[in-house]
1. Among the residues in segment 1-10, are any free of Cβ contacts under 8 Å to residues at least 60 places away in the same chain and over 15 Å from the mean Cα position of the chain (by Cα)?
2. Given the conditions (1) at positive phi; (2) touching a residue at least 40 places away in the same chain (Cβ under 8 Å), which single one is not true for residue 104?
3. Looking only at segment 1-39, count every residue that is within 25 Å of residue 159 (Cβ to Cβ) and either in contact with a strand residue (DSSP E or B) (Cβ under 7 Å, 6 or more places away or on another chain) or not in a loop (DSSP other than H, G, I, E, B) (or both) and tell me the total.
4. Quick check on this structure: which one of 162, 144 is out of contact with any helix residue (DSSP H, G or I) (no Cβ under 8 Å at 6 or more places or on another chain), farther than 18 Å from residue 59 by Cα, assigned to a loop (DSSP other than H, G, I, E, B) and at pLDDT below 95?
5. Got at least one residue in segment 63-77 being surrounded by fewer than 16 Cβ atoms within 10 Å (Cβ to Cβ), in contact with a strand residue (DSSP E or B) (Cβ under 8 Å, 6 or more places away or on another chain), touching a residue at least 40 places away in the same chain (Cβ under 8 Å) and in a loop (DSSP other than H, G, I, E, B)?
6. Which of the residues belonging to segment 105-120 are at pLDDT 95 or above, assigned to a helix (DSSP H, G or I) and surrounded by fewer than 18 Cβ atoms within 10 Å (Cβ to Cβ)?
7. For segment 147-156, state whether one or more residues are touching a strand residue (DSSP E or B) at 6+ places or on another chain (Cβ under 7 Å), assigned to a strand (DSSP E or B) and surrounded by 14 or more Cβ atoms within 10 Å (Cβ to Cβ).
8. Conditions: (1) assigned to a loop (DSSP other than H, G, I, E, B); (2) in contact (Cβ under 8 Å) with a residue 40 or more places away in the chain; (3) more than 12 Å from the chain's Cα centre (by Cα); (4) buried (at least 19 other Cβ atoms within 10 Å of the Cβ). Residue 42 meets all but one. Number of the miss?
């Protein structure tokens with residue numbers, strides 16, 4: 001079943017990069033007490049993700065924070081080493097927290113996984129954006145197909161913050 005507005009995020013964990021190296025962090029620790037703009041990309045270094053989706057959130061970092069967002073986070077079914085380099089290569093480092101969902105456990109738990117095996121990509125996350133307040137989904141915008149990014153763009157999410165949080 002797909003997560004919906006009003007639902008609490010499931011009990012799951014992500015891998016994040018810390019000064020000491022990779023660390024597992026539970027969803028509850030990442031999202032508790034915070035207003036979060038979470039977006040998902042099907043894969044680091046894929047064209048739409050690298051050239052449009054992530055740069056939109058990097059460019060709107062200040063606007064999102066001015067609207068009360070405490071944390072901007074990106075998840076993908078990639079390992080934390082790939083996502084750490086991807087953050088550097090897209091100027092997201094220090095602006096966007098990369099949440100590695102290497103086995104797709106979070107994507108499956110929220111019902112937003114997609115099988116892209118026909119394209120040689122295996123299990124991935126659908127492209128989406130959420131506004132989350134203290135672990136509860138306030139906005140959920142899911143794209144119909146992976147190359148699209150209009151519903152899940154930073155611009156669209158920014159326009160919805162005043163009405164949702």
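1. So the first thing to find is which residues in segment 1-10 are free of Cβ contacts under 8 Å to residues at least 60 places away in the same chain, and the list is none.
So far as segment 1-10 goes, no, none of its residues is free of Cβ contacts under 8 Å to residues at least 60 places away in the same chain and over 15 Å from the mean Cα position of the chain (by Cα).
2. (2)
3. Residues that pass the stated criteria total 15.
4. Numbers: 162 fails: assigned to a loop (DSSP other than H, G, I, E, B).
So the residue among 162, 144 that is out of contact with any helix residue (DSSP H, G or I) (no Cβ under 8 Å at 6 or more places or on another chain), farther than 18 Å from residue 59 by Cα, assigned to a loop (DSSP other than H, G, I, E, B) and at pLDDT below 95 is 144.
5. yes
6. 105, 108, 109, listed by residue number.
7. Looking for residues that are touching a strand residue (DSSP E or B) at 6+ places or on another chain (Cβ under 7 Å), assigned to a strand (DSSP E or B) and surrounded by 14 or more Cβ atoms within 10 Å (Cβ to Cβ), one finds none in segment 147-156, hence no.
8. (3)
The values are calculated or read from the model by the stated rules, or taken from the named source; none is laboratory data. These numbers come from a predicted model, not from an experiment. Virtual Cβ from ideal backbone geometry, glycine too; neighbours counted across all protein chains shown.
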